[in-house]
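The values are calculated or read from the model by the stated rules, or taken from the named source; none is laboratory data. Remember, it's a predicted structure, so these values are computed and weren't measured experimentally. When we count neighbours, we look across all protein chains shown, and the Cβ atoms used for this are built from the backbone with ideal geometry, even at glycine. In case anyone asks, the SASA skips ligands and DNA or RNA and just uses the protein heavy atoms, side chains included. Shrake-Rupley method; radii C 1.70, N 1.55, O 1.52, S 1.80 Å.
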Amino acid sequence: MTSRRTVRRVVSLVPSLTEAVAATAPELLVGATNWCEHPPGLDVVRIGGTKNPDVRRIAALAPDLVLANEEENRAPDLTALRAAGLEVLVTEVRTLEQGFAELERTLVAGCGLASPGWLADARDAWADVDVLRPEVRAVVPVWRRPWMVLGRDTFAGDVLARLGVSHAYEGHAERYPRVPLGELTACGADLVVLPDEPYRFTRDDGPEAFPSLPAALVSGRHLTWYGPSLAEAPGALGEALRAALR
C-alpha cells in the first residue's frame, strides 16, 4: 500500500475478504465475485469469477482499492487491474497467524478501519483450542477427477495441525499434488477429511472412495477461509473431526 487516500469504495476478488469487509464496514463494498456468497444477501455488483474477473467492469466501479490473493487470483488479471490505474492489495496466507496478520493489514492499513471485534474474537478462539490427542494422521482431498490433496505449506494444513491433525502429504514438493486414489488409500492415514469446497464432497460423494477410513465431512469455509468464520472454525472443525473418530 502506497496510497494514503481515503478508501470509500472497495472491490473484493476473494470470498473470505469480501466477508471480512462486509462484517466490518459493509458500506465500502461496491463489487465482489460471483463466488462471494457470504454474508447471505450481499447486494453488490458482481464482477465475474475469482479466476476470470471482468477488468473493465471493475474499473467502471471506480474502486479506491481492489482486494486480491496470490493463490485465489491470477497474476495477469492483477497486472491488468493495475494497468487500468487501480490500486490492488494482494494477500498471501499460508498459516493461521499469517491469516490474522493479513486481515489486519487489509482492514486497517488497506481500508483505513479500526481493527474489528470479530478479529479479536477469532484470535481468542484459536488461543485456547481443544487439540485431538493422540495426534491423528489424515489424507485431505480438495478435488476429485483427478484426486488432489493438501500438500506442503497450506493454510488449511496449518489449521488442521493446530487441531491435532497432521496430513499425509504435508512434506510433498507441491502444495496441491495430484495423487492416484490407490496411493491415497494406502498411505497409512487414520482419517479422511473431506471439505465441501473447492470440490463439494458430500456423504454420497467422497467417503465411498475410502471404505476403510472414517470420514470427516467439514465446512470448506471453516477450513480454508480467513475471515469472520475463523471465530467459529475451531469448534465446528473439532466437532466434525471428533464425530468421525467416535
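Would you mind working out the magnitude of the charge dipole of the stretch 46-131 relative to its Cα centre, with +1 at each Lys and Arg C-beta and -1 at each Asp and Glu C-beta, to the nearest 20 Debye? The partial results should precede the final answer.
Values: 9 positive and 15 negative charges, 128 e Å.
Magnitude of the dipole: close to 620 debye.
Structure remark: mean-square fluctuation, Gaussian network model of the chain, C-alpha springs under 10 Å; the largest value among Ala60, Ala173, Ala215 belongs to Ala60. Here the Karplus curve 6.51 cos²θ - 1.76 cosθ + 1.60, taken at θ = phi - 60°, turns the phi angles of the stretch 29-41 into couplings of 6, 10, x, 7, 6, 5, 8, 7, 9, 10, x, x, x Hz, with x standing for Gly and Pro.
Charge dipole of the chain (Cα centre as origin; +1 on each Lys and Arg Cβ, -1 on each Asp and Glu Cβ, all else neutral): 580 debye, rounded to the nearest 20. Each of Arg8 and Ala109 was given a label point 7 Å from its Cα along the Cα-to-Cβ line. The distance between the two points is 2.5 nm.
Amide H contacts of Asn69: Thr91, each under 5 Å away and 5 or more positions distant or on a separate chain (H built 1.01 Å from N in the peptide plane; Pro and chain starts excluded).
What residues qualify as long-range amide H neighbours of Leu217, i.e. H under 5 Å apart, gap of 5 or more or another chain, H built at 1.01 Å from N? The answer is Leu194. Calculated accessible area for the stretch 59-157 comes out at 44 Å² per residue, all protein chains present (probe 1.4 Å; ligands, DNA, RNA ignored). Ordered from highest to lowest accessible area with the whole protein assembly present and a 1.4 Å probe, Trp143, Trp225 read as Trp143, Trp225.
Where a ≥ b ≥ c are the square roots of the eigenvalues of the C-alpha gyration tensor, would you call the stretch 63-151 rounded, which needs a/c under 1.5, or, failing that, prolate if a/b is larger than b/c, or oblate? Note, shape of the stretch 63-151 comes out oblate.
At a 1.4 Å probe radius, carbon and sulfur cover how many percent of the accessible area of the chain?
Numbers: 5550 of 11350 Å².
Ligands and nucleic acids excluded, carbon and sulfur reach 49 percent.
Determine the distance separating the Cα centre of the stretch 196-231 from the Cα centre of the stretch 120-153; give it in Å without decimals. Here the two parts' Cα centres lie 10 Å apart. Computed from label points 7 Å out along Cα-Cβ, the spacing between Ala173 and Glu71 is 2.0 nm.
For Ala138, nonlocal amide neighbours, meaning residues 5 or more places apart or on other chains whose placed amide H falls under 5 Å from its own, are Ser166, His167, Ala168, Asp190.
Against the criterion of solvent-accessible heavy-atom surface with a 1.4 angstrom probe, Arg9, Arg94 sort, most first, into Arg9, Arg94.
Rounded to the nearest 20 debye, the dipole size of the stretch 22-72 about its Cα centre is 240 debye, using +1 on the Cβ of Lys and Arg and -1 on the Cβ of Asp and Glu. Solvent-accessible area per residue in the stretch 178-243 equals 44 Å², computed with a 1.4 angstrom probe and all protein chains kept.
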